[in-house]
1. Please sort 134-140, 100-106, 46-52 by packing, taking for each peptide the average over its residues of neighbouring beta carbons within 10 angstrom, highest first.
2. What number in nm² do you get for the range 50-159 if you take the convex hull of its Cα atoms and divide its surface by four?
3. With N set to the number of residues, divide the alpha-carbon radius of gyration of the range 117-163 by 2.2 N^0.38 Å and report two decimals.
């Protein structure tokens, strides 16, 4: 690397030890330092727009209000034992005995519906399976929001009105 001296037109050559270079840098044969930079992906704007989130929140609120059960959605990786992870998430909810958790792991292509003891009395496995099939059909068409909305409606319909 050459450094100029002011006003003299002469230059001096500085010696660079490759060990002193930052990670991702290399000293080329010509003496030039080449640097590779990591450019982060733009921050994710999320899976849903604010309007879509509002629709999802409204669907959760209506399902919970109409049935008297607590409906919740989890989107994310569920790990190697998806059923156990979903059950743990469901048990952490307030009023877990009355809660219905729809856990979706898009990356793993998994859907788990977990019900608490009271919710299970009102939402039989058959009803949950039908809702999962409906959600999966929408997910295959890349319609995550539509699948969640229709699944919530089906689950709420199966559970019936508040007792």
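No lab work stands behind these numbers, since they all come straight from the coordinates. Keep in mind that what you see is a predicted model, and the values were worked out from it rather than measured. Cβ placement follows ideal geometry from the backbone for every residue including glycine, while neighbour counts extend to all protein chains displayed.
1. Taking the mean over residues of other Cβ atoms within 10 Å, the ranking is 100-106, 134-140, 46-52.
2. Projected area, direction-averaged: 6.2 nm².
3. For the range 117-163, the normalised Cα radius of gyration comes out at 1.19.
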